[in-house]
1. Wholly within the range 149-207, which helices (runs of 4 or more DSSP H) include no fewer than the required count, namely at least 2 residues that are within 21 Å of the chain's Cα centre (by Cα) and crowded, with 24+ Cβ neighbours inside 10 Å?
2. Among residues belonging to the range 116-133 that are among the aromatic types (F, W, Y) and in contact with a helix residue (DSSP H, G or I) (Cβ under 7 Å, 6 or more places away or on another chain), point out the one that is most open to solvent (accessible area, probe 1.4 Å).
3. Name the single residue, out of those in the range 166-194 being touching a Ser or Thr at 6+ places or on another chain (Cβ under 9 Å) and of a type in the set (S, T, N, Q), that is modelled with the lowest pLDDT.
4. Please enumerate the residues belonging to the range 60-84 that are closer than 22 Å to M276 by Cβ and either modelled with pLDDT of 85 or more or of a type in the set (S, T, Y) (or both).
5. Report, ordered by the first and then the second residue, all pairs with beta carbons closer than 8 Å, sequence separation of six or more or different chains, a first member in the range 290-317 that is within 11 Å of K217 (Cβ to Cβ) and open to solvent by 90 Å² or more (accessible area, probe 1.4 Å), and a second member that is at pLDDT 85 or above and part of a helix (DSSP H, G or I).
6. Restricting to the range 252-273, give me the number of residues that are surrounded by 15 or more Cβ atoms within 10 Å (Cβ to Cβ), under 19 Å from R32 (Cα atoms) and out of contact with any helix residue (DSSP H, G or I) (no Cβ under 6 Å at 6 or more places or on another chain).
7. So, A99, is that one in a helix (DSSP H, G or I), open to solvent by 30 Å² or more (accessible area, probe 1.4 Å), of a type in the set (G, A, S) and without any contact (Cβ under 8 Å) to a residue 12 or more places away in the chain or not?
8. Find all pairs meeting these conditions: Cβ atoms under 6 angstrom apart; at least six residues apart or on different chains; first residue within the range 72-85 and closer than 15 Å to G319 by Cβ and touching a residue at least 40 places away in the same chain (Cβ under 8 Å); second residue part of a loop (DSSP other than H, G, I, E, B) and open to solvent by 50 Å² or more (accessible area, probe 1.4 Å).
Amino acid sequence: MASSSFDIDAPRWDQSTFMGRLNHFFNITDWRTVTLPDSRLDEAKALVDSCRAGSVPPGTTEEQLHYAKKLYDSAFHPDTGDRMNLIGRMSFQVPGGMAITGFMLQFYRTVPAVVFWQWVNQSFNALVNYTNRNAASPITPKQIGVAYFTATSTALATAVGLNLYTKKAPPLVARWVPFVAVASANCVNVPMMRQQEVLNGIAVTDENGNKLGHSKKAAVKGITQVVVSRITMAAPGMIILPIIMQRMEKYKFMQRITYLHGPIQVMLVGAFLVFMVPAACSLFPQRCSMAVSKLEPELRDSIVSQYGQAVKHVYFNKGL
């Protein structure tokens, strides 16, 4: 039985270690949560809100509270508390990513196929990036459009250019073109979709959550970490799987079932992503920190003038 003093926001695992974060993200990126109706998610949010207010419903167990928090963290934005769109949630990365990536790896030989699947992938990425941004930094529809167009153009130019360039290259090299395109586009898509954070800075706080100001350098650090995480998330499946498929396709039984190569790659990508989504999200703490000494001079001086040397680090949500 849970008591009214139960701290539902206390982390179940140590967020300062990779393994602690890995357990946390295995929990909240669980793809099974995307099958739940909005009504069930809203019930979980209501239970979390009640617990935060100190009024745990009678008969509620700690396990029920932990599960409610899992659903809340998987479906509601940490900054706004609003329910996120289904496709943009990290818990949708496995079903969504496995389908798109599997078909990108399968249909890499012709330019029209490359164009179509890279466009689908960047549309998906743009929605994920927008959904998981630091919501304290609003972005206009025009900026969203520019970000989407720029990232998609980068992916298409990279993929089509490399596709034509590798026509005479070994088959395996051509199979790696989708990954190069995805990695290149991520370096554009994430910063562009979150450009307001870079232009205006993101809110930074002290250890207790007291707002200290806005920092552009903190935004750059957070976005850089997200780009690294996204590329890491895609890398094993898009680099290792082509090697596996190239070797498998030499067997006669695989040559008899060419129509199943696409579905096989989709399932294998899914196997990679089940682990890589939480692993990539765990590379860096979501509540990112930065030394006051590394902030912009104006903000650093403002913090020092108010708090002296009492505040040595600032904290901010880097997004996912």
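1. Working: elements: 171-175, 177-193, 195-200.
Ranges flagged: 177-193.
2. Of the residues in the range 116-133, the ones among the aromatic types (F, W, Y) are 116-117, 119, 124, 130.
After this cut, where a residue has to be in contact with a helix residue (DSSP H, G or I) (Cβ under 7 Å, 6 or more places away or on another chain) as well, the list is 117, 119, 124, 130.
Working: W117: 52, W119: 117, F124: 19, Y130: 74 Å².
Looking at residues that are among the aromatic types (F, W, Y) and in contact with a helix residue (DSSP H, G or I) (Cβ under 7 Å, 6 or more places away or on another chain), I get W119.
3. So, considering only residues that are touching a Ser or Thr at 6+ places or on another chain (Cβ under 9 Å) and of a type in the set (S, T, N, Q), the one modelled with the lowest pLDDT is N189.
4. Filtering the range 60-84 down to residues closer than 22 Å to M276 by Cβ leaves 70, 73-75, 78, 84.
Within the range 60-84, K70, D73, S74, A75, M84 qualify.
5. Listed pairs, sorted by first residue: K294/K217.
6. Looking only at that region, the number is 0.
7. Details: in a helix (DSSP H, G or I): yes; open to solvent by 30 Å² or more (accessible area, probe 1.4 Å): yes; of a type in the set (G, A, S): yes; without any contact (Cβ under 8 Å) to a residue 12 or more places away in the chain: no.
Judged against the criteria, A99 is not a match.
8. D79/A136
The values are calculated or read from the model by the stated rules, or taken from the named source; none is laboratory data. Worth saying up front: this structure is predicted, and the values here are computed from it rather than measured. In this analysis, Cβ positions are derived from the backbone assuming ideal geometry, glycine residues included, and neighbour counts consider all displayed protein chains. The area values use the complete protein model at the heavy-atom level, side chains included, leaving out ligands, DNA and RNA. Shrake-Rupley method; radii C 1.70, N 1.55, O 1.52, S 1.80 Å.
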